[in-house]
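K.L.:
The following block contains the structure, expressed as structure tokens.
No value in this document is a laboratory result; all are computed from the given coordinates. Here the structure is a predicted model, which is why all the values come from computation and not from measurement. Here the Cβ positions follow ideal geometry from the backbone for every residue, glycine too, while neighbour counts run over all protein chains shown.
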Amino acid sequence: MKIYLASKSPRRQQLLQQIGLQFEIVEVDIDEHWDSKEHPRVYVERVALEKAKAAKAKINTDQSFVIIGADTSVILDDVVLGKTGNNEQAIAMLTQLSGRLHYVYSSVAVVNKTSEKIKTSISRVYFKPLSEEDIESYCKTGEPIGKAGGYAIQGHAAAFIERLDGSYSGVMGLPLYETAELLNLFRQ
């Protein structure tokens, strides 16, 4: 069975390689806008599935295949904190997260020619209180740019996390346990 990944994310690629999967990348571009009326879980599941379906529309093969689509969002007070585009946004998000519990919803969708399945990991992440200096130093690394919630757990921001209840790989961007479970369903 051929595996495709509907993502350009180096982290998702690294995570799939970590569990020994060989796959091809299918680049997709979908509207990832969050409507504040949409529940965060519904949002991440919708986006993950839309990515997989957009990739499916690009694949023309007779052989057996699956496509993995994923989406990860940082949720604070039931609000989706998007990806940061600049340091000002990163500073604002990190200031909001400082000393607080937030959630990371990470959904994975696996589709083939006839079936669609989705699983979602919900992790609780506890940030230590951050000083202005902590935040400014972190932003100088460039790491927060383009990251959901303005941080990367696998990078310098690991020092900000007092506790994680949930999936480390899910917070990184692809919940591996759920991904493996779904792929096993498609192998049966």
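K.L.:
Taking the Cα-to-Cβ direction at Arg100 and at Gln154 and moving 7 Å from each Cα, how far apart do the two end points lie in nm?
P.N.:
2.6
K.L.:
Placing +1 on the Cβ of each Lys and Arg and -1 on the Cβ of each Asp and Glu in the range 2-187, which of Thr120, Leu185, Val110 has its Cα farthest towards the positive end of the resulting dipole?
P.N.:
Leu185
K.L.:
Under the rule that an exposed site lies in a DSSP loop and has at most 15 other Cβ atoms within 10 Å, name the longest stretch of the chain with no trypsin sites (Lys or Arg not before Pro) of that kind, not counting the sites themselves.
P.N.:
That gives 114-188 as the longest site-free run.
K.L.:
Right, something else. Membrane-span-like helices in the chain: DSSP H runs reaching 20 Å or more (Cα, own axis), mean Kyte hydropathy at least -0.5?
P.N.:
What comes out of the filter, once short or polar helices are dropped, is 40-56.
K.L.:
Continuing with this model, one more query. If one computes the Cα centroid of the range 81-132 and of the range 35-59, what distance in Å separates the two points?
P.N.:
Using only Cα atoms, the two centres lie 15 Å from each other.
K.L.:
Evaluate the charge dipole of the range 2-187 about its Cα centre and quote only its size in Debye, nearest 20, assuming +1 on the Cβ of each Lys and Arg and -1 on the Cβ of each Asp and Glu.
P.N.:
For this selection, approximately 680 debye.
K.L.:
Any idea what diffusion coefficient the chain gets from Stokes-Einstein, in µm²/s, Kirkwood Rh on alpha carbon pairs, 20 °C, 1.002 mPa s?
P.N.:
Roughly 127 µm²/s, to the nearest whole number.
K.L.:
What full-extension length gain, to one decimal in nm, is calculated for Asn60 and Arg163 as 0.36 nm per residue of separation minus the Cα-Cα distance?
P.N.:
Length gained between Asn60 and Arg163: 32.6 nm.
K.L.:
Rounded to the nearest 0.05, what FRET efficiency do Asp78 and Glu27 have when you use their Cβ-Cβ distance and R0 = 35 Å?
P.N.:
That gives a FRET efficiency of 0.65.
K.L.:
Hey, another quick one. Looking at this model, which pairs from Lys8/Lys128; Lys2/Lys53; Lys113/Lys147; Lys8/Lys56; Lys2/Lys147 are more than 23 angstrom apart at the alpha-carbon?
P.N.:
Long pairs (Cα-Cα over 23 Å): Lys8/Lys128; Lys113/Lys147; Lys2/Lys147.
K.L.:
At 222 nm, what value in deg cm²/dmol follows for the chain if DSSP H runs of at least 4 each add -39500 (n - 2.57) and the sum is divided by all its residues, to the nearest 500? Walk me through the numbers on the way to the answer.
P.N.:
On the way: 6 runs with 63 residues, N = 188.
Rounded to the nearest 500, the figure is -10000 deg cm²/dmol.
K.L.:
Considering Cα pairs under 8 angstrom that are at least six residues apart, work out the relative contact order of the chain and quote it in whole percent.
P.N.:
Over the chain, the number comes to 23 percent.
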